[in-house]
Structures are given as structure tokens and as C-alpha cells.
Amino acid sequence: MDAAEDTPRPSGAREDPDHPGWWSWEDIPADSFAAATGKLLFRPDGPGRGIVRMFPTEKHLNLGGSLHGGAVMSFIDMALFGGGRCAGMSRAHYVTLDLTTKFLSRGRAGVPLDAHVELIRQTRSLAFLQGVVKQDGEACYSFTGTLKKLRESS
């Protein structure tokens, strides 16, 4: 087994050729809801932690010129899965059971968002996660979420 196979990462993620040290999904169908979030990058950040990066654009803005809450929550939901795997969450098929987000400051287009995800605890069927999303080092959103394991991944 090579080092890439030993690295905790989301299923289907590959080393990103444009961002050394990061993983990304290359095969998200262009017409899927997930594709609306744009390219995501993933990497472990020490035991029990992962980072997921989003590149917000003008298409993610609300009418007031800030990142739209729905775009932010979609990103955080995806970060639970990708960041959770980078944090060591077991490989399986999960669904979101709950997600709570606090909006601390306005996010903007053109500056990456980094979701710092922490795996708090994992049971046989649940994964409890929390984290903060930062932009330019400033906390913009905090979150907690629970994922439910439906079946083991093959």
C-alpha cells in the first residue's frame, strides 16, 4: 500500500495537480447540485482534524453582496463528509442527520473559505463533528453536525 492509500481522504478524491498537498474530487457531474459549490480541496490537519477549501465566486453571492447562506451551508454540509474523512472518520455511506450553523461575519467572493473540521466522536452508526469556517484567517461561520452511517463502504 502506498502513502496515498494510507492518507485519510474522501472516497473518489485524488491528489490535486494544481494544489500540492491537497486532494480534490474530479468526477462530480457538472449538472449535479454538488457541482454548484465549485471545486473543493481536502487535506488532513493532524489527528481528528481536516480542512476543506472552497473558492467562492460571484455566483455564490446573495442580493446584498455577501455569500448566500444556502451556498455556505451547502459547503459546510459537504465539508462534514470530506473533512470528516480527512479527520479519520470511518469509510462508509453517510447522510446528514443534523447541521447547525452560526453566521459570524459576511463572507465574500474571490477569497477561499477554509472549513476546519474536527471529528469529536464516532460510534458504530454516528459521527459527531464541529468546526469553524475561516476566510483570510477570520472566523466567518461556526458549525456542528451529525452524520448517520447507513452502510459500510465497499
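For region 80-132, the set of residues classified as within 26 Å of residue 59 (Cβ to Cβ) and assigned to a loop (DSSP other than H, G, I, E, B) consists of 104, 105, 106, 107, 108, 109, 110, 111, 112, listed by residue number. Sub-7 Å Cβ pairs linking a first residue in region 27-49 that is on the phi > 0 side of the Ramachandran plot to a second residue that is loosely packed, with under 13 Cβ neighbours inside 10 Å, at least 6 apart or interchain, are 38/57, ordered by first then second residue.
For residue 47, the stated conditions do not hold, so it cannot be described as open to solvent by less than 30 Å² (accessible area, probe 1.4 Å) and in a loop (DSSP other than H, G, I, E, B). Contact map, region 112-125: residues that are closer than 16 Å to residue 8 by Cβ and open to solvent by 40 Å² or more (accessible area, probe 1.4 Å) paired with residues that are assigned to a strand (DSSP E or B) and among the basic types (Lys, Arg), Cβ distance under 9 Å, separation 6+ or inter-chain. Pairs shown: 116/49; 116/134; 118/49; 122/149.
The values are calculated or read from the model by the stated rules, or taken from the named source; none is laboratory data. The structure displayed is predicted, hence computed values, not measured ones. Glycine gets a Cβ as well: all are built from the backbone with ideal geometry, and neighbour counts include every protein chain shown. With ligands, DNA and RNA removed, areas are computed over all heavy atoms of the protein, side chains included. Shrake-Rupley method; radii C 1.70, N 1.55, O 1.52, S 1.80 Å.
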